[in-house]
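Below you'll find the structure, written out as structure tokens, and then a few comments.
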Amino acid sequence: MNILGINAYHGNASAAIVCDGRLVAAVEEERFNRVKYAAGFPAQAIGYCLKEAGLKLREIDHVAVPRNPYARLGTKLFYALRMPSFARERAKVLTKFTGIPDALAQAFDTDPKTLGTKFHRIEHHQAHLASSFFCAPYERAALLSADGLGDFASTMWGSGAGNRMEIDGAIAFPHSLGLYYSAVTQYLGFLKFGDEYKVMGLAAYGEPGHLAAFRDILRFDAHGNGNGFRLGLDYFTHHRTGPEMSWAAADKTPTLGKMFSPEMAKRLGTAARLPEEPLDQRHRDLAASLQARLEEVYLGMLRKLAERTQLKAVCLAGGVAFNCVANGKIFEATPFEQVYVHPAAGDAGLAVGAALYVWHQILGKPRAFVMEHAYWGPGYSTEQVRRTIETSSLASKGFAIAELHEEELMRKTAAIIADGKIVGWFQGRAEWGPRALGNRSIVADPRRPEMKEVLNRRIKHREIFRPFAPSILAEATGEWFEKSHPSPFMTLAYSVRPEQRDKIPAPTHVDGTGRLQTVTREANPRYHALISAFRDFTGVPVVLNTSFNDNEPIVCKPEEALDCFLRTQMDALVLGNFLITRA
Ligand SMILES: [Fe+2]
């Protein structure tokens with residue numbers, strides 16, 4: 001039985017296919033149309049998933065869409081009456097969603113009448129919860145989804161056992177941890193969709209001296225089964241103007257409307273920062289206070305969830321679950337001992353969640369799948385890579401090209417990294433979710449304190465306060481970090497052991513933490529072999545890993561990797577078995 005999940009007409013458009021309960025393929029549309037967080041109809045992503053599964057559209061039995069326009073109708077109606085523009089927006093959304101069967105048939109040149117597919121509308125947060133629980137290696141777990149907004153809710157929690165999830169509570173618009181973080185991110189002068197993680201990085205440079213103000217902006221509250229929070233709405237505007245996520249065209253990056261009110265500046269005692277203004281210590285302290293308050297509420301909710309469920313494992317999803325700093329504190333701040341975060345915790349992950357929801361929750365089928373790695377995107381054969389290199393006429397441009405056996409490839413690449421060079425590393429199938437996890441990565445020496453600056457100057461052009469991440473051999477985690485619980489998808493930040501910090505300064509953040517990826521041989525044998533070869537040279541089982549891109553979606557095809565390599569000042573590129581170096 002084949003189930004197609006589609007996240008469409010929403011940020012992070014994506015598709016996934018589940019065959020007989022096992023995920024076969026999943027990918028974001030941005031990897032194909034090269035528009036970050038692309039929000040339209042994911043026709044190319046669906047096309048890829050069908051191809052990977054060897055299926056025609058007609059062979060899809062169920063289509064799952066993570067949006068239910070009928071969820072929370074009462075609340076929607078209440079706001080629609082107060083905000084006519086919001087009502088119009090909702091009507092447009094509804095029209096688009098009811099048009100998905102036609103859009104699908106049209107994209108694949110199929111007569112909609114011949115589609116034998118059954119369509120399901122899955123509520124946004126239930127799809128988030130399903131994406132985490134039905135991919136996790138736990139038979140029973142507590143569940144929490146938290147994001148900006150989806151189907152008029154921002155938060156949902158419950159528990160899962162076997163192939164069933166039970167929902168325990170939810171928090172509806174306008175109260176939202178995601179919108180809280182987004183509004184203050186805007187206030188701090190970061191206006192682009194998805195900039196919240198920049199502010200999380202900035203927070204480590206400040207002191208949470210404004211916590212009292214943030215406790216007023218985001219308040220604990222008994223609503224939502226006693227597990228809730230409320231926003232101090234005077235500081236926000238989204239409850240008056242409507243939650244505005246828009247995109248100029250189907251293939252454009254979404255934007256969010258302004259969400260903080262003039263009261264926010266009064267309460268925080270300083271004007272909102274303009275994007276071009278310099279960052280000073282006050283901004284860093286505000287970011288630290290924002291983050292500290294998020295942690296108080298998020299970890300407080302998780303503590304209550306642990307008490308109510310008496311479970312030791314928790315599954316997380318929703319954009320807030322990308323807050324790796326808060327996630328890393330779960331072990332100390334709550335009774336939970338095991339944490340699973342879906343690698344595409346944001347809205348891309350809804351495609352997988354909706355499909356698995358249909359399989360388990362609607363069809364009642366047993367569990368048959370654990371997501372142990374994130375390599376669900378397109379892969380390219382050695383022949384395709386060879387052709388890419390041949391047609392590029394690299395050799396005539398003075399590049400050295402060598403096709404190597406695995407052992408030699410690892411040894412040579414590790415030596416290049418240990419020599420302080422920057423290597424583009426392109427292998428196997430592309431990662432699902434926003435993190436490069438050793439298949440579309442740029443890899444560098446973690447031992448060099450200057451490497452962060454060098455990477456930024458030569459390739460990444462990111463804000464200097466943003467940290468780079470370490471990939472570590474899973475078996476060595478406890479020797480280098482203060483915790484050793486697996487973090488295969490870079491969704492948890494742990495403290496680097498104080499005695500090891502000087503040895504890996506480049507991916508150690510200013511607060512002594514690292515947003516690590518733990519790499520097992522089973523999940524990624526080649527990447528594990530590369531890091532092992534680096535350890536053999538240097539004694540350090542860690543490489544610095546950043547995504548293979550330069551202010552664009554992560555590269556997908558070998559041509560894009562080659563193009564990024566030529567455009568930037570990378571020293572070497574490994575495409576499959578080929579090692580390409582600048583002469
Ligand atoms: Fe969401």
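The values are calculated or read from the model by the stated rules, or taken from the named source; none is laboratory data. Predicted model only: the values in this text are computed from it and were never measured. Every residue, glycine as well, gets a Cβ built from its backbone with ideal geometry; the counts of neighbours run over all protein chains shown. In case anyone asks, the SASA skips ligands and DNA or RNA and just uses the protein heavy atoms, side chains included. Shrake-Rupley method; radii C 1.70, N 1.55, O 1.52, S 1.80 Å.
General observations
- log10 of Debye I(q)/I(0), alpha-carbon scatterers only, for the stretch 92-224 at 0.13, 0.16 Å⁻¹: -0.81, -1.04
- For the stretch 484-583, the relative contact order works out to 16 percent when only alpha carbon pairs closer than 8 Å and six or more residues apart are counted.
- For the chain, the share of accessible area belonging to carbon and sulfur comes to 51 percent (1.4 Å probe, ligands and nucleic acids excluded).
- The phi-based Karplus calculation (6.51 cos²θ - 1.76 cosθ + 1.60; θ = phi - 60°) puts the 3J(HN,Hα) values of the stretch 369-386 at 8, 10, 7, 9, 9, 10, 9, 10, x, x, x, 9, 6, 4, 5, 5, 5, 4 Hz, whole numbers, x for Gly and Pro.
- Accessible solvent surface per residue of the stretch 312-419, calculated while the other protein chains remain in place, 1.4 angstrom probe, Å²: 38
- Nearby lysines by direct alpha-carbon distance to Lys304 (threshold 27 angstrom, same-chain neighbours under 8 apart not counted): Lys312, Lys329, Lys483
- Residue pairs, from the table Lys198/Lys460; Lys198/Lys412; Lys412/Lys503; Lys198/Lys557; Lys36/Lys557, whose Cα atoms sit over 24 Å apart: Lys198/Lys412; Lys198/Lys557
- Structural size metrics of the chain, computed from C-alpha coordinates, are Rg and Dmax of 23.1, 69 Å.
- Between His485 and Ala265, the distance separating the two model label sites (each 7 Å from Cα on the Cα→Cβ line) works out to 4.1 nm.
- Quarter of the Cα convex hull surface for the stretch 472-558, i.e. its orientation-mean projected area (nm²): 6.5
- Average accessible surface area per residue within the stretch 29-108, 1.4 Å rolling probe, Å²: 49
- ³J(HN,Hα), Karplus 6.51/-1.76/1.60, whole Hz, each residue of the stretch 172-179, x for Gly, Pro: 9, 3, x, 7, 7, 5, x, 5
- Segments 479-487, 514-522 sorted - mean Cβ within 10 Å per residue, highest first: 514-522, 479-487
- Two-site FRET efficiency, Arg140 against Ser396, from Cβ-Cβ distance with R₀ of 41 Å, rounded to 0.05: 0.10
- Within the stretch 48-186: Cβ-based charge dipole about Cα centre, in debye rounded to nearest 20 (Lys, Arg +1; Asp, Glu -1): 440
- HN-Hα J in Hz across the stretch 125-135 - Karplus 6.51, -1.76, 1.60, θ = phi - 60°, x for Gly and Pro: 6, 5, 5, 4, 4, 5, 4, 8, 5, 6, 9
- On full extension, the segment bounded by Arg88 and Arg215 gains 42.3 nm, given 0.36 nm per residue less the C-alpha separation.
- Mean residue ellipticity (222 nm) of the chain, computed from DSSP H runs ≥ 4 via -39,500 (n - 2.57), nearest 500: -9500 deg cm²/dmol
- By average C-beta atoms within 10 angstrom, highest first, the peptides 116-127, 458-469, 146-157: 146-157, 116-127, 458-469
- Calculated on alpha-carbon atoms, Rg and Dmax of the stretch 402-505 in Å: 14.5, 41
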